[in-house]
Amino acid sequence: MKIDNMENYLNSFGKQVVNRAKGNIQRKKGGGTALENSIKFKVNVDKDGLFMVNFFMNSYGSYVDKGVSGTKKKRSYKDYKGKTITTPFKFGTRSSKAGKGGMSGIMTKWVKKKKFQWKDKKTGRFMSYKSMGYIIARSIYSKGLEGISFFQKPLGLGLKQYGEGLLGALTEDIIEGLTTIN
């Protein structure tokens, strides 16, 4: 049996979800990020003829999408159904390759890359990148990171929009399969 209509339909669904997710990242984080460039999809058919749409992105994409709770503040996100859910991720639950204080080192590199410095209130001099990295990391660790649902929202919209027409694509494939039998 031909399955062109179903496969084309699912490819359209995947493209739309990916394009909307990339657009959300561009609006929230700026364009050209590694995360934005990593978002992809693939339509697969398993040995039993079942279709699957698999989405791929950098591993940290789930943290950006769903957020990370801090030690003092719980974070939540809106899932693809529009329901607010507490994020499953939180700081302090997994050992890091960077070791203790690893995030302040990462933030120090980030501050240097962005080339900005705060002034010390007491002396009026610019703070060191290391001090700024520590302050930012400490704040993130306690407050967490807000989830932006960049992937959840497009997935929900795509399921609403394409869910209704899915049966139509399947029906077309069945009819085409029946008409080609002699």
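The values are calculated or read from the model by the stated rules, or taken from the named source; none is laboratory data. Fair warning: this is a prediction, and the values are worked out from it, not measured in the lab. Note: ideal-geometry Cβ built from the backbone for every residue, glycine included; neighbour counts use all protein chains shown.
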Out of Lys114, Lys122, Lys81, I need the residue that is touching a residue at least 12 places away in the same chain (Cβ under 8 Å) and not aromatic (Phe, Trp, Tyr). Which one?
Lys81
Within the stretch 118-153, how many residues are in a loop (DSSP other than H, G, I, E, B) and either assigned by TED's automatic domain parsing to the domain that holds Ser76 or under 27 Å from Ala21 (Cβ atoms) (or both)?
7
